[in-house]
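Step one of this worksheet: look at the structure below.
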Amino acid sequence: MNAIWSETMHPGGKWSGIVGRGKLIRLTALEAGANVSMLMYHARDLSERYNMPDTLKAQHTAHLTRGNVLMSDNGRALASILHDDLGWHDPLGGYTTRAGTDSKYGVSCYQESRNGWLRSGQENLAVELVRNGLGERDISPVVNWFSKVVCDEEGNMRFADNHCAAGTTVTLRLEMDVLLIFSNTPHPLDPQGDYPSVPVKIEVLPAVQVDAGDYCVNFRPENRRAFDNTWTYYALQN
Amino acid sequence: MLKAFHRVESTRKPEAAVYDQVIPAGEGWMYALQPGQVLRIVDLEGNQAADTLLYDANNPEDHYSAVRTINSQSNIYLTTGSTLLAESGKELASIVADTCGRHDTLGGSCSSQSNTIRYAHEKGHMHNCRDTFMLELAKHPEGHRYAKRDLSPNINFFMNVPVTPEGGLTFEDGVSGPGCYVELQSSCHAMVLISNCPQLNNPCNAYNPTPVHVLIWNE
């Protein structure tokens, strides 16, 4: 399937855009060790957004992979994970901050480093939120694509090294018209001392049909009910 | 089996409290703490879930951040010594005593909409925490400064939602008991929003929602 559109997010880069229901978004890690932080909002009602606790509780999981559905705070399926090379993407670790980026990788600024300065997730997300009529007030837990964080029985969080190989892809199908915000910035718990610099390709692919035997719809009874809520929402509109 | 419970008792006497109120199950509470004030939440009958949000009362757009809080301590559970951070990184409060030993901040609050997904479409009418949060915002004189978009993932005091090493999320019976309490000391002018959870469909409050007791000391 040929992409309708594609773009490479440079290390430290960001992107936001509205993508329609049924279309696919494919992310590809062009080198090993990628991390892309993502926020997602209903394009026509920005107060409805991806909700981490609702998503995880409904699917009894603390990681995301094929079959999982990203659910909104209004009880609907926003997007589903149609394909995943990796088996584990992190919904818990959050985004990097300016203070955290400076203390871990050294202070950097545009004046000295030009476009090689080290961007933070917080600032990238803030810019794209404001661009779309939202603000830092609207930040909530992100999905960190390509990263894995495990928790031991005492609750200690550990970033899994060497999780994402070059060429890894993950594909989302959008179940509603959504505003997507991406920041290609390091995972905040990534212990490596050098700022990870991995380009990531984003592609938008043509819409596909959701049929009754769909893997994500049938992954769990909870997913089916989230889809029901989404389909009802659109039935009332059309 | 759960490990690493960290129980620390308080020396504060109830008779010295400047504020004392019971929040029945299914009801809410919204109150602005002055810097340095200590809020104790008591699980009167045990196994209750007190869904709690905090804000910088001087800047309501800055809400409690579960993710910044757990990242700053590299641990997903809250107990004595945990510093509760806002999305900006500002310190809102810290936990200064805790006789339960572990509290959840990943499970969020129940809502009518999530009940339809998690249990059945027919459960949508049941009372839930997000309705309580919104009713408190509607009633409180300062509530107009907050909106649904400000209802970020909250703390669930007394609730047990373990994450397994395999990346599972499980709901366990409570680790609290009758009279267990947690104390927060505010680090700023902090708005506290509580929904005393009415959930009847999972063991977060032992299928029997019960009252909690809130007390405030000036230090």
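The values are calculated or read from the model by the stated rules, or taken from the named source; none is laboratory data. On a predicted model such as this, the values are computed, not experimentally measured, just so you know. Heads up, the Cβs are rebuilt from the backbone with ideal geometry, glycines too, and the neighbour counts pull from every protein chain shown. The area values use the complete protein model at the heavy-atom level, side chains included, leaving out ligands, DNA and RNA. Shrake-Rupley method; radii C 1.70, N 1.55, O 1.52, S 1.80 Å.
Checking B:MET134, B:MET126, B:MET159 one by one, the residue that is touching a Pro at 6+ places or on another chain (Cβ under 8 Å) and touching a residue at least 12 places away in the same chain (Cβ under 8 Å) is B:MET126 and no other. Against the list (1) within 14 Å of another protein chain (Cβ to nearest Cβ); (2) out of contact with any Pro (no Cβ under 9 Å at 6 or more places or on another chain), the condition A:ASP190 fails is (2).
Checked against the criterion of being under 16 Å from A:ILE81 (Cα atoms), open to solvent by less than 10 Å² (accessible area, probe 1.4 Å) and outside any loop (DSSP other than H, G, I, E, B), region A:214-224 has at least one qualifying residue. Annotation: B:ALA86 fulfils all but one of (1) more than 9 Å from chain A (Cβ to nearest Cβ); (2) touching a His at 6+ places or on another chain (Cβ under 8 Å); (3) open to solvent by 10 Å² or more (accessible area, probe 1.4 Å); the unmet one is (3). In region A:95-112 there is at least one residue matching the filter, namely being touching a residue at least 24 places away in the same chain (Cβ under 8 Å) and more than 14 Å from chain B (Cβ to nearest Cβ).
Somewhere in region B:35-43, is a residue crowded, with 23+ Cβ neighbours inside 10 Å, over 14 Å from the mean Cα position of the chain (by Cα) and more than 22 Å from B:PRO211 (Cβ to Cβ)? No, region B:35-43 contains no residue that is crowded, with 23+ Cβ neighbours inside 10 Å, over 14 Å from the mean Cα position of the chain (by Cα) and more than 22 Å from B:PRO211 (Cβ to Cβ). Inclusion of A:ARG76 among residues that are facing chain B (nearest Cβ under 8 Å), in contact (Cβ under 8 Å) with a residue 24 or more places away in the chain and farther than 24 Å from A:ALA34 by Cα is warranted. Considering A:ALA212, A:ALA226, the condition of being in contact (Cβ under 8 Å) with a residue 60 or more places away in the chain and small (Gly, Ala, Ser) is satisfied by A:ALA226 alone. Entry remark, region B:1-49: residues being closer than 30 Å to A:CYS151 by Cα and either within 14 Å of chain A (Cβ to nearest Cβ) or out of contact with any Leu (no Cβ under 6 Å at 6 or more places or on another chain) (or both) number 17 in total.
Take the conditions (1) crowded, with 24+ Cβ neighbours inside 10 Å; (2) more than 12 Å from B:SER187 (Cα to Cα); B:HIS121 misses just one of them, which is (1). Scanning region B:44-83 for residues that are free of Cβ contacts under 8 Å to residues at least 60 places away in the same chain, hydroxyl-bearing (Ser, Thr, Tyr) and open to solvent by less than 10 Å² (accessible area, probe 1.4 Å) yields B:THR69, B:SER82. Count of region B:153-212 residues, restricted to those that are of a type outside the set (A, V, I, L, M), surrounded by 24 or more Cβ atoms within 10 Å (Cβ to Cβ), touching a Cys at 6+ places or on another chain (Cβ under 7 Å) and in a loop (DSSP other than H, G, I, E, B), is 4.
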